[in-house]
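Read the structure below first, then the notes.
Any read-out appearing in this document is the output of simple, stated calculations on the displayed coordinates, not a laboratory observation. These numbers come from a predicted model, not from an experiment. So basically every Cβ, Gly included, is an ideal-geometry build from the backbone, and we count neighbours across all protein chains shown.
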Amino acid sequence: MAKKNPTNLEYLVIKAKKFIQSNELDLASKLLKENQINFPNKSPLLNLLAQIALIKNNFKEGINLLKKSLQINQNQPLVAYDLGVALSLNNQLDEAIIFFNNSIALEPNNPKAYLTKAVNLKKLDRLNDSIDCYQKIIELSPNYIEAYVNKADLLELIGKLTEAQSLYQQAIIIEPKNADLYIKYGNFLYKIDQVDEALYFYKKSIEIKPINPGALINIGYIYKRLMKFDEALLYLKESVQIRDNHQGYNNIASIYCTLGNVMEGIAYYDKAIKCKPDTAESHIFKAYAHQSIKEIDKAILSYDRGLQIDKDYKYAFGERFHAKNIICDWDNYEKDYNWIESKLKENRFVSVPLSICGVFDDPLIQKKGAELYAKDLYPPNNSLGPIKKYPKNKKIKIGYFSGDFREHPVGHLVTEIFEMHDKSKFKLFAFSVSSRIKSRIRTRIEKSFDEFIDVSNFSDKKAASIAREKEIDIAIDLGGYTKNSRPAILAMRTAPIQINFLGYPGTTGANYIDYNIVDKFIIPKELQQHYSEKIIYLPKCYQPNEEKIIPGKKVFSRKSERLPDSGFIFCCFNNSWKITPQIFKLWIRLLSSVEGSVLWFPGFLPLAIKNLKNECIKLGMDESRLIFSSLEKHREDHREKIRLADVFLDCFPYGAQSTASDFLRAGIPIVTLRGLSFSNRVASSLLINLNLSELITSTELDYENLAIKLAKNPEYLKEIKTKLISNVKASSVYNIGEYTKSIESGYIQIYERYHDNLNPEHVEAV
């Protein structure tokens with residue numbers, strides 16, 4: 001035992017260490033410094049002073065002291081190691097590696113130095129060197145599980161998945177009762193899309209450690225992904241019973257919303273928020289839930305709360321902007337618009353593609369938004385492996401993917417195509433990815449296919465696997481990035497050729513979508529560069545339109561719709577979010593120019609009506625000039641009702657699509673402003689093919705003047721209406737048989753190109 005003598009070095013070291021252990025750092029420092037005169041240049045004193053400095057986060061002083069100690073005595077492996085750690089903490093990583101190497105050279109069988117060196121090498125992105133360190137640790141300590149797991153993580157990063165998997169398996173052999181290890185292996189398997197295997201190991205973890213909320217959440221999440229919602233809820237609810245956790249509550253909420261029980265979902269989002277109020281995710285997803293049931297004011301409040309926590313939360317700001325546009329709340333519109341535009345140019349995930357289409361008439365910005373979205377949420381998924389080349393068939397196998405095989409504009413537009421397809425040339429498969437609601441249109445659609453496959457309750461992988469089993473030649477996605485679509489299925493390659501068509505009016509930005517079906521007006525040659533797909537050009541209007549129309553049963557009058565007995569009726573039956581402050585101001589100027597005129601809208605939300613009336617008053621117009629009508633339950637009744645209008649005023653930059661078809665068929669002229677983007681050119685395409693290009697304008701002033709001319713010149717309006725009615729009857733726009741033959745010629749061309757081993761290229765259907 002060291003003698004209690006202040007001049008005894010051993011005694012001083014012991015006493016100083018006791019002070020340090022009891023956190024009496026100042027006393028330890030004073031003692032050591034007072035005795036430096038007696039023991040100059042002694043490494044033990046320098047090492048302890050360095051330890052005190054580092055504890056106080058004085059890295060510079062600590063590093064200098066350790067370096068001085070090693071200058072005195074290089075044969076100190078622990079000091080060299082401590083200096084490496086200090087340099088690492090001070091972000092001097094390259095220098096830290098030097099001293100870890102020195103420590104290892106002095107003590108080559110110490111795994112501790114290898115471990116810390118490996119961590120620093122990873123930070124320096126020297127992954128292979130880090131892997132070598134972990135391998136050395138495994139050789140020195142074959143039972144050191146952390147080394148196996150860390151090495152596996154690095155191998156995963158460099159794409160050596162088989163080697164990584166082997167390490168996990170070795171680790172499990174060493175510690176077969178390590179519940180956390182099973183979770184880590186399950187996480188690895190999930191990331192490489194071995195979902196069933198991941199599920200197995202998560203369950204193994206629970207067998208070992210039943211009170212395991214993390215594993216229960218993971219199991220629940222997998223069942224959710226597999227669309228097995230009952231099983232998912234069982235495990236997720238067990239996890240939150242063990243311990244409140246926002247992840248469990250969020251997933252439960254998401255399932256209830258998916259199942260249509262949105263109020264129950266919102267209640268669970270509230271539980272998640274109570275559990276962890278400073279997490280943006282729960283607030284944002286609660287906003288989505290409110291928005292889905294048209295509680296837009298509540299949605300905006302939840303967006304605001306989420307964005308206060310994380311102003312850059314993915315897509316939240318853009319969705320908040322869209323929600324405000326649904327209710328025509330245009331406060332800070334220009335500021336928000338500019339912010340979204342600037343963030344998109346910075347490659348930020350600020351808005352979903354459909355919302356971008358609603359406000360930006362710029363195909364370059366739309367492409368940027370779509371590419372970012374696809375890369376982030378729906379990147380190419382190779383979990384099914386590369387798709388094989390099927391034998392050339394006498395009948396081309398066509399697979400239509402949609403969540404809108406129902407009472408929906410897309411469902412109505414395509415039904416007759418399905419019925420008219422040449423069954424001697426094509427075998428038709430429907431993949432219903434979402435809605436299972438039975439309806440008259442659903443029944444017709446089901447009958448028109450050779451096989452109608454409901455994959456709404458299947459996982460993305462299973463749905464894609466079925467398409468591959470059927471050896472689909474051409475897959476057509478009718479949804480894109482719209483509600484009820486499932487782009488993740490197409491991301492797995494359901495067919496050698498994949499097409500975006502009709503539902504989403506824009507580019508997908510996804511390299512696994514080969515073609516987009518349009519006409520030469522929608523995407524002229526000079527705009528092709530703004531689309532990630534090659535183009536199948538139809539010879540006439542790209543949009544199919546129903547040929548067989550069921551007459552409506554209801555009778556409508558100006559009185560029944562609260563329209564004035566006399567006066568000109570402008571109308572716009574587009575969705576409220578398509579109305580911008582810019583176009584609304586123009587419409588108010590029209591009302592001011594045309595005495596006694598009114599502007600007729602469909603059944604908007606009460607808040608949208610209130611806000612539009614307030615905007616009307618702000619612009620100096622009597623709010624009574626705005627008329628709001630209810631929406632009709634049946635499409636045929638809607639078509640009868642709209643005949644009361646005199647002129648349809650199109651929106652921009654997102655104009656009417658199927659709505660334009662309905663009004664033109666009803667004999668109601670459309671005034672539209674031609675833009676640059678897909679979503680802003682559909683009405684113009686219809687008008688060109690009806691030989692009514694005089695209704696297409698290129699500036700706001702032309703738009704305004706044309707609308708006034710139609711309203712104030714009854715003879716001109718009559719002339720246009722007569723021409724419209726005549727051209728509708730004579731035009732092929734509503735000839736679905738001719739349309740179907742054209743689109744089939746496009747399918748045949750791209751199919752032949754594929755079997756000639758030619759890459760996708762622009763083609764012209766006939």
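For the reader, a short list of remarks on this structure follows.
- Long-range amide H partners of S532 with built H, under 5 Å: T508, G509
- Farthest toward positive dipole pole in segment 569-734 [+1 Lys/Arg, -1 Asp/Glu at C-beta], among C651, Q582, N713: C651
- Were the residues from Q241 through K483 laid out at 0.36 nm apart, the gain over their Cα-Cα distance would be 83.8 nm.
- In this label model, N347 and N705 are separated by 4.5 nm, measuring between points 7 Å along each Cα→Cβ vector.
- Two-site FRET efficiency, D193 against K375, from Cβ-Cβ distance with R₀ of 30 Å, rounded to 0.05: 0.95
- Overall, segment 569-734 carries a charge dipole of about 200 debye about its Cα centre when +1 sits on the Cβ of Lys and Arg and -1 on the Cβ of Asp and Glu, all other atoms neutral.
- Each label was represented as a point 7 Å from its Cα along the Cα-to-Cβ direction; for I158 and S383 these points are 2.7 nm apart.
- Remark: the I549-E24 segment gains 180.0 nm on full extension, using 0.36 nm per residue and subtracting the alpha carbon distance.
- Distance in nm between pseudo-label sites at S732 and D180 (7 Å out along the Cβ direction from Cα): 7.0 nm
- Potential extension, K633-D304 segment - 0.36 nm per residue separation minus Cα distance: 115.0 nm
- Whole-angstrom gap from segment 14-37 to segment 205-270, using each part's C-alpha centre: 54 Å
- Each peptide in 105-113, 323-331 gets a packing score, the mean of other Cβ atoms within 10 Å over its residues, and the list from highest to lowest is 323-331, 105-113.
- Relative contact order for the chain, counting Cα pairs under 8 Å that sit 6 or more residues apart, in percent: 8 percent
- Separation between Cα centres of segment 732-766 and segment 274-348, rounded to whole Å: 41 Å
- Amide H to amide H, with H built 1.01 Å from N, I453 comes under 5 Å of A430, F431, S432, counting only residues 5 or more places away or on other chains.
- Distance histogram in 20 Å bins (all Cα pairs of the chain, percent per bin): 14, 37, 28, 14, 6, 1
- Euclidean distance between Cα centres, segment 511-567 to segment 59-119, Å: 70 Å
- Segment 642-766 shape via C-alpha gyration tensor axes, a/c threshold 1.5: prolate
- Annotation: amide H-H contacts under 5 Å for A475 (H modelled 1.01 Å from N, sequence separation of 5 or more, or interchain): G399, I497, Q498, I499.
- Using only alpha-carbon positions in segment 569-734, the gyration tensor eigenvalues give semi-axes of 24, 18, 16 Å once each is multiplied by 5 and square-rooted (largest first).
- Convex hull volume of the Cα atoms of segment 1-160, normalised per residue: 128 Å³.
- Using alpha-carbon coordinates, inclination of helix 127-140 to the longest axis of the chain, degrees: 50 degrees
- Converting phi to 3J(HN,Hα) with the Karplus coefficients 6.51, -1.76 and 1.60 and the offset θ = phi - 60°, segment 171-176 yields 4, 5, 4, 5, 10, x Hz in sequence order, with x at every glycine or proline.
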